[in-house]
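Notes follow once the structure below has been shown.
The values are calculated or read from the model by the stated rules, or taken from the named source; none is laboratory data. Since the model is a prediction, treat every value here as computed from it, not as a measurement. We place every Cβ from the backbone using ideal geometry, glycine too, and count neighbours over all the protein chains shown. Heads up: the accessible areas ignore ligands, DNA and RNA and are worked out on the full protein's heavy atoms, side chains in. Shrake-Rupley method; radii C 1.70, N 1.55, O 1.52, S 1.80 Å.
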Amino acid sequence: MNKKTLEILEYDKLIKLLTEKASSELGKSKCASLHPHRNREAILNSLQDTSDALARTLAGSRMSFGGNRNLSECFKAMSVEAGLDMAELLMVADSCECASRAKEEGLSLEREDSLKEKFESLIELSELSREIRRIIVTEDEIADDASPALKDIRREKRLSASRIHTDLNKMVNSTYRTYLQDAVITMRNDRYCIPVKAEYKGSVRGIVHDQSKGGMTFFIEPEGIVELNNRIQELEAEEREEINRILHNLSKEAATHLEDLKSNQEVLSELDFIFAKAKLAIDQEAVIPDYESGEYLDIKRARHPFIDKNKVVPIDILLGENYSCLIVTGPNTGGKTVSLKTTGLLCAMGQSGLFIPAAPGSKLRIFRDIYAEIGDEQSIEESLSTFSGHMRGIVSILKEANHNSLCLFDELCSGTDPTEGAALAIAIVSRLMEKRATVMLTTHYAELKVFALNTEGVENACCEFDVETLSPTYRLYIGIAGKSNAFAISEKLGLDTRIIERAKQEMDDSREDFEDLLKNLEESRRSIEEDREEAARLRAEVEKLKEELDKNKESAKESREKILREAREEAKSILEDAKEEADEAIRLYNAGTSIQEMEKKRAALRKKIDDNSSRIKKEEKKPENTGKRVNKDTLKIGDRVHSISMGMDGDVKKLPDSKGKVTIASGIMEFKVGVDDLIYAKEEVVKEPSRTTNYASGFSKSASISPEINLLGLNSDEAVAKLDKYLDDAYLSHLHSVRVVHGKGTGALRAAIHKYLRHLDFVDEFKLAEQGEGDAGVTVVVFK
């Protein structure tokens, strides 16, 4: 794709954002080399990879490829059987472990997607990485257990060094004490020495290895430890030789997996690149573009990726279906150039396998080339004026453009005589249409607006400008030509009206009539737009009401079925009871029971019937709170609401937070409840006695609970049990934070408390107290 165009569209900035999302050096390198594809299959496969990586990420996959180290130099060494140093072998271990983790994580989701095969192709090299980790501790240290020979050598070195220290300590503390500058043992030239005063140099028999700068101290290796020092030197040589042997064998073992390591590195780099694309899509709230629905652009609510998504005004771009050329007009700084760049950049993003910042259902077309002539092409060195530089770019585009090209022009043929410039622009657009290229351009020329009105396949568009506020709205409207609004803007800025009137007189009548027509069209468009928005709003309300009605119908149906089911069960139970009573009465009668006993039985049965009747009447009279469900979109501060779960009324103090929790106040107490738990309060709400009692006890606790608990003197089990009850009370009392006094001691009690706190859902965080407020002896617990 045209390199100059990618620079104009700031594709390199996009690649920089993508590169930052990769975890490894090799993944970043793949991101940096990304370019738009021309092949449909390659584009669709790349987008599918991005889509699958996005789905995995949103499903909770925490894929990291930081351990995918660049082993290029290691591979070269392995291929010629050269040894690797400790740092290089540790890099091999990192890559092996990264492959194992990625494979385990990738296959744990059990997804049948385009990435599954890549994860399955990763080769487990756990034994190699474990062996490297067993032998190499750090980049500078080999483990003692790397081999039996190395272990023996190092043990003998330690014993020899210990004997030297013992002998030298005797000399330092007794034999040569008065001869020494300091009673210390030091090293010179890797040999143990003692610092002897210059005047006693001859009194200490041994080898002089060094002297101080002032000549006052000589560092002498006493004669009695020369042999031991010699032995240590020999052991160090043996140690180096053994380490080289171990590293050589380990390098040979790694070399046997050379092809597997290369394959893993390639797959891990590719996966890192794919997941970087997914992370960028999440950051930009981007969607997968549709390339299957047609050979045209239909980008819904497109956003430029470099403009803050909270400030950018989305635009709709439709081009290539009913018309192949879109002419965008309007005042300067109105967003015309941004519209051009957004169109070109989103097309390049889609063909690079990247999601685009737009609404779902946005359609793109695959272009073989994208050409952009945007910006000032003036060049002093090449003696090119703005127009000359601009025209040179246009000539190049005209030579290369074809039916698979997207051509973008900013202020086509500006910088020269307006009449000639407009004529040239019309001719250039006509030529590109003959080539069946897709064209989008910006201009101030009225002639091009008329050309769009009179030419099939060409459409006008405008970037809206609010003359009252002298500011652009950045909205793009297709089907309407824009006005430059020079007179209106000048008048608002204070230009003398007489000058403006004189300027209008200088204009051609037909030109003025055309501008008035544009003004009328703009007013009509705004009116239509307002009507459309109102219709959309009403349609949304109707849909919402229909959904609520359907829900209510479903709920009523379920309630009716439940009531009928319960009624049938109760009727069955009553019939069974009646049958039992009748059977019992018959049995008593047949048994010759006295009239008095039968009368008692009848009275008891009558009482049971009366009790049931009283209960039913009582339940029928019991009022229910049938208030309307709260709608979070229309909820306002101060609304009177009823909490179903807590059985109490309150006033809304804070609107729903990110978790959908509403803060409501009842009396002097405030508490948070979910929106789904709220209904608008009726004038009279029957509160269950148990709810009232619980609330009252909660209020009582909040007034008396201490913000600090002392656990000094308790063992871990006692402290945790006491703390458990205290935190429940404190949380229910709506305390923001509390202090837990556990003392410093050995730290065991503090560790047990911290371990317990980590598993509490209602604890937001905990930390040790500040200096002077308890330090490590006090933990501050903050509730959610």
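What do you reckon, is GLU765 more than 22 Å from LYS784 (Cα to Cα) and charged (D, E, K, R)?
Values: more than 22 Å from LYS784 (Cα to Cα): no; charged (D, E, K, R): yes.
It is false that GLU765 is more than 22 Å from LYS784 (Cα to Cα) and charged (D, E, K, R).
Working carefully through the options GLU199, GLU221, find the one that is of a type in the set (D, E, K, R) and either at positive phi or in contact (Cβ under 8 Å) with a residue 12 or more places away in the chain (or both). Step through it out loud before you land on a result.
Details: GLU199 fails: either at positive phi or in contact (Cβ under 8 Å) with a residue 12 or more places away in the chain (or both).
Among GLU199, GLU221, only GLU221 is of a type in the set (D, E, K, R) and either at positive phi or in contact (Cβ under 8 Å) with a residue 12 or more places away in the chain (or both).
Here is a check on your reading of the model: is ASP775 without any contact (Cβ under 8 Å) to a residue 60 or more places away in the chain, more than 27 Å from LYS672 (Cα to Cα) and of a type outside the set (Ser, Thr, Tyr)? Steps first, answer last, please.
Working: without any contact (Cβ under 8 Å) to a residue 60 or more places away in the chain: yes; more than 27 Å from LYS672 (Cα to Cα): yes; of a type outside the set (Ser, Thr, Tyr): yes.
When the stated conditions are applied, ASP775 passes them.
Of the residues in region 728-755, how many are assigned to a helix (DSSP H, G or I) and closer than 18 Å to GLY777 by Cα?
First pass over region 728-755, keeping only residues assigned to a helix (DSSP H, G or I): 728-732, 748-755.
Going one step further and asking which of them are closer than 18 Å to GLY777 by Cα, we end up with 748-755.
Summing the residues that are assigned to a helix (DSSP H, G or I) and closer than 18 Å to GLY777 by Cα in region 728-755 gives 8.
So which residues in region 705-758 are in contact with a helix residue (DSSP H, G or I) (Cβ under 7 Å, 6 or more places away or on another chain) and exposed (fewer than 12 other Cβ atoms within 10 Å of the Cβ)?
ALA748
Among the residues of region 517-553, write down those that are modelled with pLDDT under 70 and among the polar types (S, T, N, Q).
ASN520, SER524
Output the residues belonging to region 356-377 that are surrounded by fewer than 24 Cβ atoms within 10 Å (Cβ to Cβ), outside any loop (DSSP other than H, G, I, E, B) and more than 29 Å from the chain's Cα centre (by Cα).
ASP369
Can we say MET598 is modelled with pLDDT under 70, more than 29 Å from SER733 (Cβ to Cβ) and surrounded by 10 or more Cβ atoms within 10 Å (Cβ to Cβ)?
On the way: modelled with pLDDT under 70: yes; more than 29 Å from SER733 (Cβ to Cβ): yes; surrounded by 10 or more Cβ atoms within 10 Å (Cβ to Cβ): yes.
In short, yes.
Pairs only if they're at least six apart or on different chains, beta carbon under 9 angstrom, first in region 169-193 and open to solvent by 90 Å² or more (accessible area, probe 1.4 Å), second part of a strand (DSSP E or B) and of a type in the set (Lys, Arg); list them, first residue then second.
THR178/LYS197
Confirm whether GLU285 is surrounded by fewer than 15 Cβ atoms within 10 Å (Cβ to Cβ) and more than 29 Å from the chain's Cα centre (by Cα).
On the way: surrounded by fewer than 15 Cβ atoms within 10 Å (Cβ to Cβ): yes; more than 29 Å from the chain's Cα centre (by Cα): no.
It is false that GLU285 is surrounded by fewer than 15 Cβ atoms within 10 Å (Cβ to Cβ) and more than 29 Å from the chain's Cα centre (by Cα).
Which numbered condition in (1) surrounded by 14 or more Cβ atoms within 10 Å (Cβ to Cβ); (2) under 20 Å from PHE367 (Cα atoms) is the only one that LYS399 fails?
Of everything listed in (1) surrounded by 14 or more Cβ atoms within 10 Å (Cβ to Cβ); (2) under 20 Å from PHE367 (Cα atoms), LYS399 misses just condition (1).
Collect the residues in region 101-159 that are part of a helix (DSSP H, G or I), small (Gly, Ala, Ser) and touching a strand residue (DSSP E or B) at 6+ places or on another chain (Cβ under 9 Å), keeping them in residue-number order.
The initial filter retains those residues of region 101-159 that are part of a helix (DSSP H, G or I), namely 101-108, 116-121, 126-135, 144-146, 148-159.
If we keep only those that are small (Gly, Ala, Ser) too, we end up with 102, 106, 108, 121, 126, 129, 146, 149.
If the condition is that a residue be part of a helix (DSSP H, G or I), small (Gly, Ala, Ser) and touching a strand residue (DSSP E or B) at 6+ places or on another chain (Cβ under 9 Å), then ALA146 is the only one that fits.
Inside region 185-200, can you point out the residues that are more than 25 Å from GLU234 (Cα to Cα) and at pLDDT 85 or above? I'd like the intermediate steps shown before the answer.
Looking only at region 185-200, we keep the residues that are more than 25 Å from GLU234 (Cα to Cα), and these are 196-200.
Those that are more than 25 Å from GLU234 (Cα to Cα) and at pLDDT 85 or above: VAL196, LYS197, ALA198, GLU199.
If you scan region 650-678, which residues turn out to be in a strand (DSSP E or B) and closer than 11 Å to LYS632 by Cα? Spell out the reasoning first.
Keep residues of region 650-678 that are in a strand (DSSP E or B), which gives 650-654, 661-666, 669-674, 678.
If the condition is that a residue be in a strand (DSSP E or B) and closer than 11 Å to LYS632 by Cα, then LYS661, VAL662, GLY674, LEU678 are the ones that fit.
Does region 214-223 hold any residues that are at pLDDT below 85 and either of a type in the set (Lys, Arg) or not in a loop (DSSP other than H, G, I, E, B) (or both), and which are they?
Residue satisfying the conditions is GLU223 alone.
Taking the criterion of being of a type in the set (Lys, Arg) and either at pLDDT below 90 or surrounded by fewer than 24 Cβ atoms within 10 Å (Cβ to Cβ) (or both), would at least one residue in region 328-343 satisfy it?
So in region 328-343, the residues of a type in the set (Lys, Arg) come out as 336, 341.
Those still in the list that are either at pLDDT below 90 or surrounded by fewer than 24 Cβ atoms within 10 Å (Cβ to Cβ) (or both) too: 336, 341.
Yes: region 328-343 contains one or more residues that are of a type in the set (Lys, Arg) and either at pLDDT below 90 or surrounded by fewer than 24 Cβ atoms within 10 Å (Cβ to Cβ) (or both).
Going by what's in this entry, would PHE514 be described as of a type in the set (Phe, Trp, Tyr) and modelled with pLDDT of 70 or more?
Numbers: of a type in the set (Phe, Trp, Tyr): yes; modelled with pLDDT of 70 or more: no.
Spelling it out, it is not the case that PHE514 is of a type in the set (Phe, Trp, Tyr) and modelled with pLDDT of 70 or more.
Which count do you get for residues in region 31-80 that are of a type in the set (Ser, Thr, Tyr) and open to solvent by less than 20 Å² (accessible area, probe 1.4 Å)?
Step one: list which residues in region 31-80 are of a type in the set (Ser, Thr, Tyr), which gives 33, 46, 50-51, 57, 61, 64, 72, 79.
If we keep only those that are open to solvent by less than 20 Å² (accessible area, probe 1.4 Å) as well, we get 46, 50, 61.
Qualifying residue count for the region: 3.
Per-residue answers, yes or no, for (1) touching a Phe, Trp or Tyr at 6+ places or on another chain (Cβ under 8 Å); (2) without any contact (Cβ under 8 Å) to a residue 40 or more places away in the chain:
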{"residue": "LYS30", "(1), (2)": "yes, no"}
{"residue": "LEU44", "(1), (2)": "yes, no"}
{"residue": "THR50", "(1), (2)": "yes, no"}
{"residue": "GLU73", "(1), (2)": "no, yes"}
{"residue": "MET78", "(1), (2)": "no, no"}
{"residue": "MET86", "(1), (2)": "no, no"}
{"residue": "VAL92", "(1), (2)": "no, no"}
{"residue": "SER95", "(1), (2)": "no, no"}
